[in-house]
Amino acid sequence: MNSLEAIAWSTCMNDKFILLKNSVRSLYKIEPNVSSDSLQTSKNSGVIKISDKGLAQLMYTCSENEDIRCFDLCPRNLSEQILAAGDAKGKIRIHQFSRSADVDSIVGNVYNVVDQPRHCNCLSWNRIHTQLIATGFDKYQKQSTVFITDVNRPNAKQLVVDCDDIRREFKGSNEAALDVSWLVEGGYNLVVGYQKQFKIFDIREPKDPTIKRISNSDSKITSAVGLSVDPLNQNRLATFCSFESQKGTISVWDLRKITQSLITLTENRNILRISWCPSRKGYLAALPTHSSVINLYDVTNSESDEIELAHMDRVINVSSDQPGNVVSFSWHPTDKSRLLALTDQNDIKDISISERMSVSWSPEFSLSWTNDGRIVNCDTTFIDYQIDSDISTTMKARAKGGYGCKSDVSSYLELTQGDSTLTSLWSYISRMNKTSSETDLKSTVMKGAHSILINNENDCCRSTNISISWILANENSLSRNKSQNSKRILYISKERDRIIEMCGWSSLNERESAEFENKLTDLCGSNAERAAMIAVMNMNLNVATSILSKSDQENLRLLTIAISGFSDESNAMWKEVCSRLSPVMNNAHIRAIFHFLNSQPCPSYDQILHSEDLDLGDRVAFACLHLADRGLQNYLDTVMNHSVSEGNLHGLLVSGLSTEGLNLLETFLEKTSDIQTTCLLSQMSTVNDKRKDIWLQEYRELLDSWRMWHERADLDIYLKSAKTSPQLFITCNFCGKSISAARSANTAGCVVFAKPNTNMNRLNACPVPTCRKPLPRCAICLAHMGTPSRLVQTTGNTKQSNFSDWFTWCQRCRHGGHSSHLTAWFEENSDCPVTGCSCNCSYLDPVRYVCESETEY
Amino acid sequence: MYTDKVIEAEHLDLIHDVAYDFHGRRMATCSSDQTVKIWDLEDGEWKCTASWKTHNGSVWRVAWAHPEFGQLIATCSFDRTAAVWEEMPGESKDGKKSHWIKRCSLVDSRTSVTDVKFAPRHLGLQLATCSQDGYIRIYEAQDIMSLGSWTKHDDVAPSANLSCSCLSWSSSRVHPPMIAVGCYDSNLPNQPASKEAHVILYEYGQGSRKWMKVEAFSTITETVRDVSFAPNLGRNYHTLAVASKHLYIFSIKPIKKDSVAKASLEVKQLVCFEEYTSKVWRVCWNVTGTILASSGEDGCVKLWKANYLSPWKCIATLKGDGMRLSSVDYMNDHGDKRSKSLYPPLSKNQVPWH
C-alpha cells in the first residue's frame, strides 16, 4: 500500500494548508496576487504556483520516520495548526507545524490505542469535545476496531474513561473500521463505516452504544467504505462503497429515516473520497479513482420532502493543462466554493467554483448579472467604443434628435454625421425634395432611375444620340469641327436629363454656359477632383483644368498639364503613359478622368462604371450621358441587383422605393440592424407591402421600450399612421346624450369634453343643453364639474383650458373630480377621497413605475 | 463616469435568474431560497420593493410580461409548478410598496419546471413552460382581464430521453410563432450519453393550430443550458444563441416555397466559439440583437458583436465580481480611455478581448 498523500486546509488559519506526502508534513501559506516574476526568482525556495494569481509559500516542513495512514486536523482554535496522525502500527501522534515552543500541551504525545500493532484506517477529531479522537482500525481476531482516545490523558491504557463516562472502545464491532466521523450535533454521535454496513454510535450510552445500524440485509444498497457528514445539515450523511456490484455508488442518507437512502448517485468508477462543501448548501464533491476531474453534485431537497433530487452540477477539471490524476482534495472551511486539489504529479490547484451567473440586458444598455448573492449592474455604453457605436445606442441618440419626424429632411444630415452613406442619402433626398417642389416628397423619392427610364415593360425610352466635341482649353471655335476624332457620341432624352438631375449633375446643355464652373464647385465643395471629373465627363476640358488649377494642392495643379496635354489626335505616347500610370493614381476621380480621356477610339467605360470608389450617383449620371439605350438599361439592371444584394443604400437612387427598393432595405436591415432608417425610408414608399407595417411596428415598439413616447407620437403624427378613433365618450347621466358631442357643436375643438366654462364668474355647470342637469360633483371641492377649479389660477394660456380643471376619475371606484384637486389629494393619500370608499386609487396606476425616475434624463 | 453598481441581493441562497422588464426600470430575481425579489430603479438606485416566497422549492427562472398586460411576472420552480403573479397596489405588511398575488398556478408538470417565458406581445398573453420530464407546454390567458384562467394550448415533448432546460420565443412578427428548446440528459453522468440533438425548434402551424417540431440541431449533443432568440427587429431570419459546452450562434431563415407544404428552414451555424474553454451558462441579447452577452464557468461575462464588415468576436470581458481598475487610473496610464478596454490584463486561461 502506498503511503498517504493528502492535502487539507488548515482549520484555524484561512490562508494556510497542509500537505502530507511520503511522510513529509508541510505547511504552506498562500500569497495572493504575486506576480509570476517572483515565482521565477524564488524557484527553489519552496514556492509553488497553485492558481493563476496565487502562490503558496512553504512555511514549515518535517519528515518523520513513520508510515502515516490517516490524519485529522485539530479543531481547536490555536495560533498554530496541530494534527493527529495514525500510523500503520496503530499509534496516534500529535504533531504541530512550527518550530516554536509547543502551542498546546498535547503536542508530541503518542497514544498506543491498540495492544497489537495494526493499521489505523481512519481518524476523526471531535469538533465539539476537542479532547476526543475517534479511530478505526483493521481487524485483529475478535478485538474491537473502533476506539475513542482522550488526548488529555497521554498514557491512558485503561478501558473506561472516567468522568464524562466516555468509553474508549466499542466492543462487538470486530469488522475492520474503514472510515469514522463525528456527527455535527452535540458531538456525541459517531458514525463508522464498515465494508458492508455503517453504524452510528452514541458514546453516552455505555451499555449498547449502537443506536443505528444499517447493514446489508436492511437495505438494498449499503455502502460505507467512505463517508462524509454534511456540516450544514446535521441529518445528512453521504457514503460510498466499493463492492463490485455497487462500484462507485454514492448514497445520501437522512439520519432521521435511515432505513432507506434518499438518493443514489452512480459513478462508474471506484471512488476515492467524497466531501460535502462546508460553505454551500447541498454541494457534494466526489473524486473517482484515476481521474483528473472532481465531480460536483448539487443535492437539492425540497421542503415538501416528497422528492429529493441530485443532479450533476458540474465537473471540476483540475489538471486541464497538465496530465495528472487527482489524489486528494479539500474544501476551504469558510471561503465559498473554494477547494484545493492535489494531483499525483505533485501539482496543487487552488480552485474557486464560480456561481452560475445569470445575465439580463435592459433596453437601455444596462447589463445585469448575478454573482455570489449580488447583482452587478453595468452600463455597457461606457465599456468599449464598439458598444458605444453600436446601432442600438446610435438609433436612440438619433431618435432623441428627432430623426424621422421632421418635415425638413436636411436636418437629418447633422444627426447622421459619421455615417457617410446615410448623410449622402439624406442629402440626396433633401435635394429631391427641393427640386421637385411641385410633387410630394414621397412620389419623387419613390421613383428611381430604373423606373424613370424603363416606363413600360422592358421598354427602354428611346434617346437621341448626338455627337459632341471637346471644349478644349484656349482654343478657338475653328478646331471644333475639324476632326471627327475629337467627337464623342452622347445620348440625350428627357428621362436621361431627369436622372442626371437626380444625381446632382447639371444638365448637358449647361456645359457651355459661363456658370458651369461655379455650379460644379458648388456641387462638389472642396472636392476638386470630383468637380474636374464631372467637367471632363461633360466634355468640358476647359473647366476641368480651370478647376484643378485653382486647387490648393500642388499635385492637382500639376495635373492640369497632363489634362491639357490631351489632344484630339490620338497621341500614342500620351495614351501609353496614361494607361501605365493609371494604377498608381490613388484618387478614383482622377483615375476616371484619365480612363475616360484614354478610352478613345473604342469607348469602353467598364472601369469607370464599375469602380466602387466612385459615388454611385456619379456613375449613373455618367452612364446616362455616355451609354446607349441597351447598355444603359443593362447597366442599371446590374447596379440595382448588385445594390439589392449588398444592401447598399446608394442603390435607392436606381431602384427608388419600389418593391426592389424595399428588398434593398431588407438587406440593409439585415446587415446593419438599423430598423430606424429602414422604417423611415420604407414609409416614404407608396408600394403596398406588409414589410412596411412590420418595420414600423418594430420601430415603434423599440421607441416604446426606451420610453420615448413623445418621439413615437411625433413619428405617428408625421407619418399619419396609427389613426385612433375616439376612445372615450362621456354621456349625461340624465338624458344619455354625449357631453362631448354637445360641446363640440358649440366650440369645435379637441378635448372639449373636459373643458370647463371659460367664463370664471358664471357658474354654469350644465353641459348638455337639452336636459339642463348639472354634471357630477368633484369629490374634493364638491363643486359641480364643469365649474372651474379654484385651487389653481389659470396662467395666461388661453389656447387650452387649464389642465387642472379637467376632470378625471378612478377606473375602479369611479370617483373623481378636478385633476388638480385629486393630484393634491393623492400626494398625501393613497385612498379614495370619498367617504366609505376603500379603493386604493393611486396604486392602481402601473405606469407610475415606468415614469418615476424620469428626471434622470 | 464609469461605475458598476453592486447590489447586495440579500437572497439566502443562490440566485438563479435575473430579468429586466420591458422598459428596463424594474428587475426581478429568483433564488433557491424560494423567494422572488422585485427591484425598482428609484433616483438611479435599485431598491427592493417586494420580496416574497413564491414556491416550495428553488425558483429557477422569472420572466416579465409586456406592460400592456399589467405588471405580471411568471416563475417556475423545482416544486413542479409554474406561477403567474400580478402586482397589487397598496402597502403590504412589511412596509414594501406593493404586494404580489398569485393569479394562477400551472400544475401540469410532474417534475421540476425549468423555464418559463412569455410570448412576444403581438401573440397576446401566452406563456410557455418546459420541464424536466421533457415537455413544453404552451398556455394562453383567454381573457387578459381575468388572469386566473389559463388554458393549455398544447404540449409537446421533443424527445423521450431528454429533459428540457430552457426555451425561447422568437420575437418575429414576420414569421409564424417559433420556440427554441434546449435539452439536457437527466441521466447521471457516465452513462452513455445520447447523441440526440439537444436544441429543437417548434413552429406553430397556423393551419393545424398545433406546435410542430420543425428542426433539430444535430450538431449540438451536449447539455444545453440556455437558448435565446435575438430581437427580430423585422429581419427576415431568426438569430439564435445557444449556451452549451461552447457558445453557438445560428441563423434560421425560412425558405419561401411556392407549394403550400411545410416551409423549410435554412439553418446556418454562424459561429461556434470553441475557444470558450469553459462551459457557457447563460446568453442574452441587447435590445437590437447586435451584441450578445454570455456568462460562463470562468466567472466572466463576455460581450460578442459582429457586423457586416467583421465576424463575431469578443469585444469585452467583464469580471463577474464587478471589480476592476477604476477608469481614472486607466486614463492616467493611457490617456485615451476609448481606445482600449478598461480591465486589468487577464490571466492565461481566459480568452482575451480583441
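For the pair residue B:105 and residue A:176, a Förster radius of 56 Å applied to the C-beta separation gives a FRET efficiency near 0.55, rounded to the nearest 0.05.
Computed from the C-beta positions of residue A:812 and residue A:735, the FRET efficiency with R₀ = 22 Å rounds to 0.25. Can you bin region B:15-334 into rounded, prolate or oblate? Criterion: square roots of the alpha carbon gyration tensor eigenvalues sorted a ≥ b ≥ c, rounded for a/c under 1.5, prolate for a/b above b/c, oblate for the rest. Since a/c stays below 1.5, the shape of region B:15-334 is classed as rounded.
Taking only the Cα atoms of region B:207-254, the radius of gyration and Dmax are 12.5, 37 Å.
Approximating the spin labels as points 7 Å out from Cα along Cα→Cβ, the residue A:406-to-residue B:312 distance works out to 3.8 nm. Inter-chain Cβ neighbour count for A:175-185, averaged per residue, equals 0 (cutoff 10 Å, partner chain atoms only).
Packing here is the average count of other Cβ atoms within 10 Å per residue, and on that basis the peptides B:60-67, A:531-538, highest first, run A:531-538, B:60-67.
Inter-chain Cβ neighbour count for A:695-702, averaged per residue, equals 4 (cutoff 10 Å, partner chain atoms only). Look at the Cα gyration tensor of region A:464-627: its axes a ≥ b ≥ c give a/c under 1.5, and that counts as rounded.
In this calculation the C-beta distance from residue A:76 to residue A:233 is compared with R0 = 22 Å, giving a FRET efficiency of 0.35. Pairing chains A and B buries close to 8200 square angstrom of accessible surface in total, based on protein heavy atoms and a 1.4 angstrom probe.
What pairs in A:692/B:256; A:29/B:302; A:671/B:313; B:53/B:245; B:37/B:117 have C-alpha atoms more than 25 Å from each other? The answer is A:29/B:302; B:53/B:245.
Simple spin-label estimate for residue A:29 and residue A:289 gives 3.9 nm between the two label positions (7 Å along the Cα-to-Cβ direction from each Cα).
In terms of packing, defined here as the mean over residues of other Cβ atoms within 10 angstrom, the peptides A:606-612, A:512-518, A:55-61 line up highest first as A:55-61, A:606-612, A:512-518. For region B:90-183, trypsin sites (Lys or Arg not before Pro) are listed when DSSP marks them as loop and at most 13 other Cβ atoms sit within 10 Å of their Cβ; the list is B:93, B:110.
Based on Cα contacts under 8 Å between residues 6+ apart, region B:15-334 shows a relative contact order of 8 percent.
Centroid-to-centroid, using Cα positions, region A:483-545 and region B:7-28 are 64 Å apart. Counting, for every residue in B:232-245, the Cβ atoms of other protein chains within 10 Å of its Cβ and taking the mean gives 4. Placing a label point 7 Å from the Cα of residue B:123 along the Cα-to-Cβ line, the residues of region B:196-227 whose backbone N sits under 12 Å from it are B:202-206, B:210-212.
The values are calculated or read from the model by the stated rules, or taken from the named source; none is laboratory data. All values derive from a computational prediction rather than experimental measurement. Positions of Cβ are generated from backbone atoms using ideal geometry, with glycine treated the same way; all protein chains shown enter the neighbour counts. Please note that ligands, DNA and RNA were not included when accessible areas were found on the heavy atoms of the full protein model with its side chains. Shrake-Rupley method; radii C 1.70, N 1.55, O 1.52, S 1.80 Å.
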